[in-house]
1. Once R0 is set to 25 Å, what does the formula 1/(1 + (r/R0)^6) return for the Cβ-Cβ distance between Arg147 and Leu183, expressed as a FRET efficiency to the nearest 0.05?
2. Compute the Rg/Rh shape ratio of the chain: radius of gyration over Kirkwood radius, all on alpha-carbon atoms.
3. Between Glu206 and Asp160, 0.36 nm times their residue separation minus their Cα-Cα distance comes to what?
4. Could you order Tyr212, Tyr134 by accessible surface area, starting with the largest, using a probe radius of 1.4 Å?
5. Kindly rank 199-207, 97-105 from highest to lowest mean number of other beta carbons found within 10 Å of each residue.
6. By its C-alpha gyration tensor, with a ≥ b ≥ c as the square roots of the eigenvalues, how is the stretch 1-40 shaped: rounded for a/c under 1.5, else prolate for a/b larger than b/c, else oblate?
7. Treating only the Cβ atoms of Lys and Arg (+1) and Asp and Glu (-1) as charged, compute the dipole magnitude of the stretch 15-132 about its Cα centre; round to the nearest 20 debye.
8. Give the dimensionless ratio obtained when the Cα radius of gyration of the stretch 82-153 is divided by 2.2 N^0.38 Å.
Amino acid sequence: MDGNGRWAKNRGLPRIEGHRRGVENVREILKAARDRDVKYLTLFAFSVENWQRPAEEISALMGLLELFLSRNLKDLVENEVRLRVIGRPEELPERVQSPLRKALEATKNFTARQLNVALNYGSRTEVLDAVRAYAEAVSEGREDPKRLDWPGFTKFLYTDGIPDPDLLIRTSGETRLSNFLLLQCAYSEMYFSPVNWPDFGRAEFEAALESYKSRERRYGRTGEQVQAHAPAEEASVGQ
Ligand code: IPE
Ligand code: MG
């Protein structure tokens, strides 16, 4: 979700107003994704690098997160959406801890849909946390490095149990991944939109899904192989 600041700047408004409009758009996209039966939606809300922003912007973002959680919990429950966090949520300020815990607890048994929110997330941090946990498991005899394969390693990632993204959308015209799900996006289709996040509404989202439909996912095979047989399976990749 990129471009909140520029959206505001273009209108002569403070950056925080862009973030506020960005949160409103999250609600819009949640509805659009639900209508299109998207089972897993992951939002990059706050990165480990975002702590470098001005303190007042960080504080405003945390306030918006707190508000989002308390205002949308009812909606998540009614629509049976399970909330998950990827990242290091324990390092977030106290004010978001309780609404976050409450929302995670209230939605933990839902299986229909899942909303993953990347909070205090960075791919490299995730790799370090995973390697650390794996090394501990080895030293305690629960894991054997000789038997390590990719599915086995993914159990140590924040995204354990979450399928790899089929489609990654980045808004605001930036064409980079910025430390987001680098391992999980190994075979994801990429969609870069010039539209800033607050304006990336239902129509833009639909256009991204349309673009996805026309992609041919080969996972290392040839186009002829993919067309002649059942679609290639990601599960067999990279083991
Ligand atoms: C995305 O908008 C929101 C967050 C990172 C929380 P930005 O704040 O990155 O907006 P720009 O990139 O300055 O326009
Ligand atoms: Mg940005």
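1. Working: r = 20 Å, r/R0 = 0.78.
Result of the calculation: an efficiency of 0.80.
2. Working: Rg = 18.9 Å, Rh = 19.4 Å.
Using Cα coordinates only, the ratio equals 0.97.
3. Working: separation 46, 0.36 × 46 = 16.56 nm, distance 2.79 nm.
Full extension of this stretch gives 13.8 nm more.
4. Values: Tyr212 65, Tyr134 25 Å².
I get Tyr212, Tyr134, largest accessible area first.
5. Details: 199-207: 16.8, 97-105: 14.9.
Highest mean packing first, the order is 199-207, 97-105.
6. Details: a/c = 3.81, a/b = 3.26, b/c = 1.17.
Prolate, since a/c reaches 1.5 and a/b exceeds b/c.
7. Numbers: 21 positive and 18 negative charges, 56 e Å.
Its charge dipole is roughly 260 debye.
8. Details: Rg = 15.3 Å, N = 72, 2.2 N^0.38 = 11.2 Å.
Taking N as the residue count of the stretch 82-153, the ratio is 1.37.
The values are calculated or read from the model by the stated rules, or taken from the named source; none is laboratory data. Computed from a predicted model, the values in this text were never measured in an experiment. Reconstructed Cβ throughout: ideal geometry from the backbone, glycine too, with neighbour counts over all protein chains shown. For accessibility, only protein heavy atoms count, side chains too; no ligands or nucleic acids. Shrake-Rupley method; radii C 1.70, N 1.55, O 1.52, S 1.80 Å.
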